[in-house]
Amino acid sequence: MAGSTRWLRNALAPAVVAFFLFSTASAQETGVLRVTVVLTAGDGTTTPIPRVVLLVSDNPATREPWRIRTGAEGAAELKLAPGSYTVESDRPVMLGGMAYTWTQMIEVSAGRDNPLVLTAQNAEIETGSALAGTATSPTHADAAVIFSKWGSSVVELWTPTTHATGFVVHEKGLIATNLNAIGEATSVDVEFAPQGKPVQGRMKISGRVVATDRPNGVAIVWVDPAAVASLRPVPAACDGATAAPVEYEQRIVTIAAPMLAPRDVIQGTVGRVESRSFEVDWRLAPDSAGAPVFADDGTAIGLAIANDEPETSARPDRREASRVVPVSNVCGALAAAQKTIAGATPPAATPLRVESATASVETLRAPDPKAPRLQAPTISASSFDIALMTPTLVRAEPTITSPRTDFGYWTEYVAMAPPVLLVRVTPQFEESLWKTIARGAAQTQGVALPPLKSFGANFLRLRAFCDSTEVAPIHPFIIERRVSERATIREGLYVFEVTDFSSCGAVRMDIYSEKATKADTRSIDPKVFALLNK
């Protein structure tokens, strides 16, 4: 038996080697087909077109066609053996009322890139009306052109309690957003980013709210004009021209700036049209309120509002509808802002801190259940508890609802955050003397009451020091919780780089409450931060 096994192994070895050499040679003989779809809009804007499905067939056909789809840069690639191939569009691409289709042949050579650019010059073109009544559903490219033209003008707005989207409306550094989305904030952090790149090239600076128009739901934020010098302001129809009416079932587009993600193009259809706003069939995340809304031809027509706007909340039967207000609503606040900033000094353009890494699949992967679980350290000060944690520690918590995993408005941020240090400051709850007496009196009457706890002071702000140097946070978040009709608990959730305190000789946290003028100070062993950084 052993001899038979040895004979079989010796007989198969040459075949295995031959197969390996054949496979290696075949891999080396492939070429890369790179297809790019680029079209020019009516205003001359040349735009790569994403989400175009292409069919690639060998000549003569020996198998089902490969299906590839262009990405955000309008390009797709496929490794192929050398030979002749046909590339054709699966569906027409609609742009500016015209439908484009392609059928192109290309020779693929081994060992190199083989580019094919699909443009209007090598397309078959017909009017969009020619597709009416057919079963062909075109790929609409108008959104890609709008995004290419206006994507960089859309910004993120951060306040301690909310995140919103905004857009540049004036070259003097004025940015429009939804008032309800930023709440009562008087200052915001404004974050700019290149299109499609959520981290590279990001810049965050201070902004100041210089005008609000509560009836129309608009706020205007001012930043240093130099920060928007290279950006194109979105026209707000404030020149007296009559805006085109919005119609039922009209196709529209918005560009949102969700937190910790690239700018996003969202397409929708107009629903019910009213005098002050209109409904849309999309569902925008709360942090996308304030985004600009465009018609298919790229004309700015509106501003997306938060779903809990007062006029919507008053209609419980339609509370879930997403709504847009006309872009002309911006005009009154814009005019007031221009008067306010005349002769004034703009906010400083000093770059603020941003997260240094993106959230990735690896980052968001669930921790190994067999690995030892590190508990988030908690340090008690006089009136507050300080919990030190990372997103990984939070995601390691049990799936059952846990106070550690509930971060109020910022729960989604923590769920998507890259490796950062989270410092959560929570007011301590205690039973006052009078409540203790009242509970004792109730017990004498045979009524057992639980401890009547209350918190002594709400969180106001935190200052963190590495040795004697103050460390600025990336975000000074506030978590607000309503515990009764009159009382709201305010916690701090400060975001730092995970390495900010790892190499310090001493770490100090100064916590300020809404009532006390003196800081509640706590020193923390730097070894704790080094452990969290592992």
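Would you confirm whether any residue within the stretch 341-362 is outside any loop (DSSP other than H, G, I, E, B), open to solvent by 10 Å² or more (accessible area, probe 1.4 Å) and either out of contact with any strand residue (DSSP E or B) (no Cβ under 9 Å at 6 or more places or on another chain) or at pLDDT below 90 (or both)? Steps first, please.
Initially, the stretch 341-362 is screened for residues outside any loop (DSSP other than H, G, I, E, B), giving 341, 361-362.
When the remaining residues are screened for being open to solvent by 10 Å² or more (accessible area, probe 1.4 Å), the result is 341, 361-362.
When the remaining residues are screened for being either out of contact with any strand residue (DSSP E or B) (no Cβ under 9 Å at 6 or more places or on another chain) or at pLDDT below 90 (or both), the result is 361-362.
For the stretch 341-362, residues outside any loop (DSSP other than H, G, I, E, B), open to solvent by 10 Å² or more (accessible area, probe 1.4 Å) and either out of contact with any strand residue (DSSP E or B) (no Cβ under 9 Å at 6 or more places or on another chain) or at pLDDT below 90 (or both): present.
For the stretch 127-161, which positions are of a type in the set (D, E, K, R) and more than 22 Å from Thr70 (Cα to Cα)? I'd like the intermediate steps shown before the answer.
Let us first name the residues in the stretch 127-161 that are of a type in the set (D, E, K, R), namely 142, 149, 156.
The answer is Glu156, and nothing else.
Looking only at the stretch 163-189, which residues are under 26 Å from Lys339 (Cβ atoms), in a strand (DSSP E or B) and not β-branched (Val, Ile, Thr)? Explain how you work it out, then say what you get.
As a first pass, look at the stretch 163-189 and keep what is under 26 Å from Lys339 (Cβ atoms): 164-189.
When the remaining residues are screened for being in a strand (DSSP E or B), the result is 164-170, 174-178, 187-189.
Of everything in the stretch 163-189, those that are under 26 Å from Lys339 (Cβ atoms), in a strand (DSSP E or B) and not β-branched (Val, Ile, Thr) turn out to be Ala164, Gly166, Phe167, His170, Leu174, Ala176, Asn178, Ser187, Asp189.
So the check is Cβ under 6 Å with 6+ separation or different chains; which pairs have a first residue in the stretch 101-127 that's closer than 19 Å to Ile49 by Cβ and a second one that's among the basic types (Lys, Arg)?
Pro115/Arg34
Just checking, which of Val93, Val117, Val145 is at pLDDT 90 or above and crowded, with 17+ Cβ neighbours inside 10 Å?
Details: Val117 fails: crowded, with 17+ Cβ neighbours inside 10 Å; Val145 fails: at pLDDT 90 or above.
Exactly one residue qualifies, and that residue is Val93.
How about the stretch 468-498: which of its residues are without any contact (Cβ under 8 Å) to a residue 40 or more places away in the chain and part of a loop (DSSP other than H, G, I, E, B)?
Listed by number, the residues that qualify are Ser468, Val483, Ser484, Glu485, Arg486, Ala487.
Return the only residue of Ile511, Ile524 being closer than 25 Å to Leu352 by Cβ and touching a Gly at 6+ places or on another chain (Cβ under 8 Å). Steps first, answer last, please.
Working: Ile524 fails: touching a Gly at 6+ places or on another chain (Cβ under 8 Å).
Checking each option against the conditions leaves just Ile511.
Filter the stretch 75-91 for residues that are among the charged types (D, E, K, R) and under 12 Å from Pro65 (Cα atoms); which is nearest to the chain's Cα centre (by Cα)? Steps first, please.
The first filter runs over the stretch 75-91 and keeps only residues among the charged types (D, E, K, R), leaving 77, 79, 88, 90-91.
Narrowing the set further to residues that are under 12 Å from Pro65 (Cα atoms) leaves 88, 90.
On the way: Glu88: 34, Asp90: 31 Å.
This residue is Asp90.
Each row is one residue, and each column tells you yes or no for (1) assigned to a strand (DSSP E or B); (2) out of contact with any Ser or Thr (no Cβ under 6 Å at 6 or more places or on another chain).
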{"residue": "Gln104", "(1), (2)": "yes, yes"}
{"residue": "Glu126", "(1), (2)": "yes, yes"}
{"residue": "Ser129", "(1), (2)": "no, yes"}
{"residue": "Thr136", "(1), (2)": "no, yes"}
{"residue": "Ser148", "(1), (2)": "no, no"}
{"residue": "Thr161", "(1), (2)": "no, yes"}
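Could you list, in sequence order, all residues of the stretch 509-527 that are among the aliphatic types (A, V, I, L, M) and either closer than 15 Å to Phe459 by Cβ or surrounded by fewer than 12 Cβ atoms within 10 Å (Cβ to Cβ) (or both)?
Of the stretch 509-527, the ones among the aliphatic types (A, V, I, L, M) are 509, 511, 516, 519, 524.
Within the stretch 509-527, Met509, Ile511, Ala516, Ala519 meet the criteria.
Note down all Cβ pairs under 9 Å where the first residue falls in the stretch 84-97 and is assigned to a strand (DSSP E or B), the second is acidic (Asp, Glu) and surrounded by 15 or more Cβ atoms within 10 Å (Cβ to Cβ), and they're at least six residues apart or on different chains.
Ser84/Asp58; Tyr85/Asp58; Thr86/Asp58; Met94/Asp142; Leu95/Asp142
Sort through Glu247, Glu279 and tell me the only one that's part of a strand (DSSP E or B), open to solvent by 10 Å² or more (accessible area, probe 1.4 Å) and at pLDDT 90 or above.
So the residue among Glu247, Glu279 that is part of a strand (DSSP E or B), open to solvent by 10 Å² or more (accessible area, probe 1.4 Å) and at pLDDT 90 or above is Glu279.
Within the stretch 299-311, identify whether any single residue is among the polar types (S, T, N, Q), open to solvent by 70 Å² or more (accessible area, probe 1.4 Å), outside any helix (DSSP H, G or I) and modelled with pLDDT under 85, and answer yes or no.
no
Which pairs turn up if I take residues in the stretch 402-416 that are farther than 17 Å from Tyr494 by Cβ and look for partners that are at pLDDT below 90 and surrounded by 14 or more Cβ atoms within 10 Å (Cβ to Cβ) with beta carbon separation below 6 Å, at least 6 apart in sequence or on another chain?
Going by the 6 Å Cβ cut-off, the qualifying pairs are Thr405/Val394; Thr405/Glu397; Met416/Leu260; Met416/Ala359.
Among the residues of the stretch 391-412, which ones are at pLDDT 90 or above and crowded, with 21+ Cβ neighbours inside 10 Å?
The one that is at pLDDT 90 or above and crowded, with 21+ Cβ neighbours inside 10 Å: Trp410.
Would it be correct to say that Thr488 is modelled with pLDDT under 95, touching a Lys or Arg at 6+ places or on another chain (Cβ under 9 Å) and not aliphatic (A, V, I, L, M)? Don't jump to the end; show me each part of the working.
On the way: modelled with pLDDT under 95: yes; touching a Lys or Arg at 6+ places or on another chain (Cβ under 9 Å): yes; not aliphatic (A, V, I, L, M): yes.
Considered against the rule, which asks whether it is modelled with pLDDT under 95, touching a Lys or Arg at 6+ places or on another chain (Cβ under 9 Å) and not aliphatic (A, V, I, L, M), Thr488 comes out as yes.
Just to be sure before I move on: is Ser523 of a type in the set (Ser, Thr, Tyr) and under 32 Å from the mean Cα position of the chain (by Cα) in the structure I sent? So that I can check it myself, show each step before the final result.
Values: of a type in the set (Ser, Thr, Tyr): yes; under 32 Å from the mean Cα position of the chain (by Cα): no.
Here the answer is no, as Ser523 does not meet what is asked.
For the stretch 209-244, which residues satisfy the criterion of being part of a helix (DSSP H, G or I) and either under 22 Å from the mean Cα position of the chain (by Cα) or of a type in the set (D, E, K, R) (or both)? Spell out how you get there, then give the answer.
Let us first name the residues in the stretch 209-244 that are part of a helix (DSSP H, G or I), namely 225-228.
Selection gives Ala227, Val228.
The values are calculated or read from the model by the stated rules, or taken from the named source; none is laboratory data. What you see is a predicted model, and the numbers here were worked out from it, not measured in a lab. Because the Cβ atoms are built from the backbone with ideal geometry, glycine has one as well, and the counts that use them run over all protein chains shown. With ligands, DNA and RNA removed, areas are computed over all heavy atoms of the protein, side chains included. Shrake-Rupley method; radii C 1.70, N 1.55, O 1.52, S 1.80 Å.
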